[in-house]
Each structure stands twice: as C-alpha cells, then as structure tokens.
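Input: a single structure, listed below in structure tokens.
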Amino acid sequence: ESKLKIQGDGFLSSKGQAEAQRIVAENQVGFEALRRSINAFRSFAVSCEVANQETKEEKQKAIALLLAARLLEVTEAAYIAMQHGMSTEANSLFRVFLDAYFVLGNVCTDPDFVATYFQSDEANRLKLINSARKHTDELFQQVNDDISEEHQTDLKARVESEKIQVFNTYENAAKIGCEKIYDSMYRIASAAIHTTPRALWVATLKKTITAF
C-alpha cells in the first residue's frame, strides 16, 4: 500500500528559517552578486528622469523607466523568496521578470510599440467583459450592471476594426530575438505558475512532502 504523508513545519517555522539561512550561506557568492546587480540597476533607474511626455520618444522613455521599476520590483521579490528557500516561488517570479523584460526590450527598440502595448489592454478588457457576461450571479453583477451593452459592442467593434491583439508574450519575445529564451527559460519557469504535473513533482522533491 502506498501512502502520502506531509512532514515538516513549513517556511515560517524556526526550523524552516534555519534551513533557509543554511541555503543562503551555501550560496552566499550568488546572493551577493545578485544584490550588487540589484543595487546597480536601482542606481541607474534612480538617475534617470523624463521631464516631458509629449513626443513619441518621450513617452517611450517614460514607459521604459516604469518597466525598469517593475523589473527591479520583481527581482527584489525573487531575492526575498530565495532567501527564504522558496525556489519554486522564485521560478514563478522569474517568469514574471521575463514578461516584463520582453516588453522593455520592445519599448526600448521601437517607439511605436508603446501604442501597441497599451492598445492590447483593450482586447484584454473585452475578454474580461465577455467572461463576466456569461454569469448572472452576484460576483459579476456590478461589472455587468456598470458596463452597458452599447459599450461592449463599441469596444468589440474597435478591437476588430483596428485589429487590436491581446498581450502576446511569445510575439514580444520574438520581436527582439528572444525566441530561444522563451522556448527554454520562460517555458520551464511557466510550469510553476500553472502548477503542472512537473511543477508538482519538483515541489514534492524539494519540500516536505514524502511518499512511502
């Protein structure tokens, strides 16, 4: 007979914190290198300033700076997760990092991408409205009441006439020559976000679940 048993006290216990400290100590060189990179990137971001946002190029710089702040935020979050031994959660954040990295690469190389990037939110908004319309229960009532059928129809017509596409990470990666990164690191890191069987197996090996 095969049984499954959960053993251990978790990340928040004193034992879990002690194990995290051990992991950090064993990988101190890597943590210090990452910390130096974070500090250098923060110094660069803080030194930048966009005085105006009128021209296409000025808007490009402004969005690039916001994305730089987003990358910094995600990297710091991953650093904290890794310091507490949360490797699977750090992998999830790495995928978020790559999403933002692909967008930043497009923004920095193509001023016209900024408009396309923000337009994609219209297509995503239409998807959310269509999803809400499928339900009549209280959870969706406010959305369905606040958004008129006319607004939904107009939005749908705009998305179709302007050929607005939803946010597409693969296309964002491909446009800046990062297909290999997408098909390797991004796909591997995606397993943790979607809780695939592979991610569950990795969690079983790394954490405190034991089968016997």
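Structure values in brief
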quantity: Filter result (crowded, with 17+ Cβ neighbours inside 10 Å and at pLDDT below 95) within region 168-204; calculated: Ala189, Ser190, Ala191, Ala192, Ala199
quantity: Some residue of region 78-93 being at pLDDT 95 or above and either over 19 Å from the mean Cα position of the chain (by Cα) or of a type in the set (Asp, Glu) (or both); calculated: no
quantity: Filter result for the condition that a residue is crowded, with 17+ Cβ neighbours inside 10 Å, in contact with a Phe, Trp or Tyr (Cβ under 8 Å, 6 or more places away or on another chain) and not basic (Lys, Arg), over Leu98, Leu155; calculated: Leu98
quantity: Residue within region 177-189 that is touching a helix residue (DSSP H, G or I) at 6+ places or on another chain (Cβ under 6 Å), more than 26 Å from Phe41 (Cα to Cα) and in a helix (DSSP H, G or I) present; calculated: no
quantity: Region 1-30 residues that are open to solvent by 100 Å² or more (accessible area, probe 1.4 Å), paired with ones that are modelled with pLDDT of 90 or more and in a helix (DSSP H, G or I) (beta carbon under 9 Å, 6 or more apart); calculated: Gln21/Gln83
quantity: Complete set of residues in region 55-85 that are in contact with a Lys or Arg (Cβ under 8 Å, 6 or more places away or on another chain) and closer than 22 Å to Val107 by Cβ; calculated: Leu72
quantity: Filter pass, Gln165 being open to solvent by 50 Å² or more (accessible area, probe 1.4 Å), closer than 30 Å to Glu54 by Cα and not in a helix (DSSP H, G or I); calculated: yes
quantity: Selection within region 38-78 - closer than 30 Å to Ser13 by Cβ and surrounded by fewer than 17 Cβ atoms within 10 Å (Cβ to Cβ); calculated: Ile38, Glu73, Glu76, Ala77
quantity: Which listed residue, of Leu155, Leu128, Leu139, is among the hydrophobic types (A, V, I, L, M, F, W, C), more than 27 Å from Ala100 (Cα to Cα) and part of a helix (DSSP H, G or I); calculated: Leu139
quantity: Evaluation of Phe118 against (1) part of a helix (DSSP H, G or I); (2) more than 21 Å from the chain's Cα centre (by Cα) (one fails), failing number; calculated: (2)
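The values are calculated or read from the model by the stated rules, or taken from the named source; none is laboratory data. If you're wondering where the values come from, they're calculated on a predicted model, not measured in any experiment. Virtual Cβ from ideal backbone geometry, glycine too; neighbours counted across all protein chains shown. Accessible surface areas use protein heavy atoms only, side chains included; no ligands, DNA or RNA. Shrake-Rupley method; radii C 1.70, N 1.55, O 1.52, S 1.80 Å.
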